[in-house]
Amino acid sequence: MNVETQTGYLDGIELELVDLADHFESAIVRYEYPYVDGADLENLGQKAGTVKVRCYFWDNAAQSTYNDHITLLNKLKGGGDHELLHPKYGIMRGMVESVDTRHDDRLRTAEVDFSFVKQGLNAIEASSSDAVDGALEGAFSASLDQQGIELAADLAEVGLDIDREFDPGQGLLAQLAWSTPSARSFIRQLDAGLARLSAYADEVTQPINSLTATLSYAANLPGRILGIVDRCLERVARLHDGLARFPARFHASLAFGLAKVATDLDSLLPADRVGAKTVLMKHLQLAASRRLALETGYLYAADQDARRLQQAQPASVFDALGRYTPPALLDVQPMNVLELEETLATTRTLLQAGVNAARSMQTLKEMAQALVDSASRVKQGTEQVVTVQVDGATPLQVICLRYGLPYSDAARIMALNPGLRNPSFASGQFLVYRGAA
């Protein structure tokens, strides 16, 4: 597919969609009089808003969603109320007014256009996940420029030409053979460190649509260094994508992986006699703080989307006839309050280390503030956590009911208490969400 889509849901059915139109109309009455120019107008209120979207379904080596369009059509033919989780506007309730379908059984592709009429008047607000994504990506790009200035100042102190353009296909030392002996020693050690970073996790394929791939790095010495460092750390981040469904574990593994890059480079490079190792380690730490902040922003955005999807699911798992309807499985499990605070603390610690190393990089502070604001918004809208004391071995499902929680929250309580090993014989002090009791 060459169309850039976003993910939404209609009654739990995942949709790869694009916006076609958002229609808003007011009921305006015009009072016109003979021999009088113009008219008096009266607004009788806003009519129902309409959102038109186009959904794509296809089968290929990486995705198999063609048959899902049949499920969607059967759902829409049933009529009645529907719930649309829009990637921009959040949860909307209403009815589907019209449906247009185009499909090709030979190519296993389908397009479904439908017009969704909203129930009531819903104010349109920017998605908080889009806000944190945009803030972190913008700050990441700006921090690259600020780190380039910081690196240029560090290189200028040792007498290197920071404006000369370099051939990326050749080593630095070969292009600076005319330099002074001290400068050649500096470049020799710097070149060795960059070669180590270039080879680190070189078997990992970097996405062509990643933020790093869209940034342009200057052809001079600072740009050459930062380009290699950033691409290395992005490969390290992609090593842990298998844990993306579990954000807290992904974050902890990524933080450990970024620290391991610095540890390995420190042990592989010889003693720092000319200052090259110090400069490289400093800017590796700065780049690692920028990368961890960016990935944390992506985690928070995915976490907020998962929370909206979780809220859109029906409160009861049994329908009116008593039939069990299991809730849809979430691609990403929402983080609990403790995991949210832990990821924020780890990221802010690394960002603070970056600020201490380069006071001129104000964008690191902006990244930290954006993450704090995002986490605060989530925490304000989540359930409170309280400590309870349970005497005697009690099944966790019974404890949930005792404190006003549905028995299905047992899995969430287990995640909130890593030390709770046996849910059938829970006792002592542990954390639970504050329910209705």
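None of the figures in this text is laboratory data; all of them are computed from the coordinates on show. Nothing here was measured: the structure is a model prediction, and the numbers come from that model. Backbone-built Cβ (ideal geometry, glycine too); neighbour counts: all protein chains shown.
In the chain, Cα pairs under 8 Å separated by at least six residues give a relative contact order of 12 percent. Here the residues Met335, Met95, ranked from fewest to most Cβ neighbours within 10 Å of their Cβ, fall in the order Met95, Met335. When the scattering of the chain is computed by the Debye formula from its Cα atoms alone, each counted once and equally, what is log10 I(q)/I(0) at q = 0.13 Å⁻¹? Debye output, listed in q order: -1.20.
In summary, the lysines within cross-link reach of Lys47, defined as a Cα separation below 18 angstrom excluding same-chain residues under 8 places away, comprise Lys118.
For each of Leu340, Leu420, Leu136, count neighbouring Cβ atoms within 10 Å of the residue's Cβ, then give the residues from fewest to most. Spell out each step's value before the answer.
Details: Leu340 22, Leu420 17, Leu136 25.
Going from sparsest to densest Cβ surroundings: Leu420, Leu340, Leu136.
Partners of Lys88 within straight-line reach, counting aspartates and glutamates whose Cα lies under 17 Å from its Cα and excluding those fewer than 8 residues away in the same chain: Glu4, Asp11, Glu14, Glu16, Asp19, Asp22, Glu125, Asp130, Asp133, Asp303, Asp305.
If exposed means no more than 10 neighbouring beta carbons inside 10 Å and the site is in a DSSP loop, what's the longest run of the chain without any exposed GluC sites (Glu not before Pro)?
On the way: sites that count: Glu4, Glu25, Glu32, Glu125, Glu203.
The segment 204-437 is the longest one with no such site.
With a length cut of 15 Å (Cα positions projected on each helix's long axis) and a Kyte-Doolittle mean of at least -1.0, go through the chain and give me the DSSP H helices that pass. Span-like helices in the chain: 128-157, 181-199, 221-238, 247-268, 276-312, 337-357, 362-381. A simple spin-label model places the labels of Asp373 and Asp163 3.8 nm from each other, with each point 7 Å out along Cα-to-Cβ.
Structural descriptor for segment 383-437: relative contact order 55 percent, calculated from alpha carbon pairs under 8 angstrom and at least 6 residues apart.
In straight-distance terms, cross-link reach from Lys277 covers every one of the lysines whose alpha-carbon lies under 21 Å from its own, apart from those fewer than eight places away in the same chain; here that gives Lys260. Both radii come from the Cα set of segment 6-118: Rg as radius of gyration, Rh as Kirkwood radius; their ratio Rg/Rh reads 1.18.
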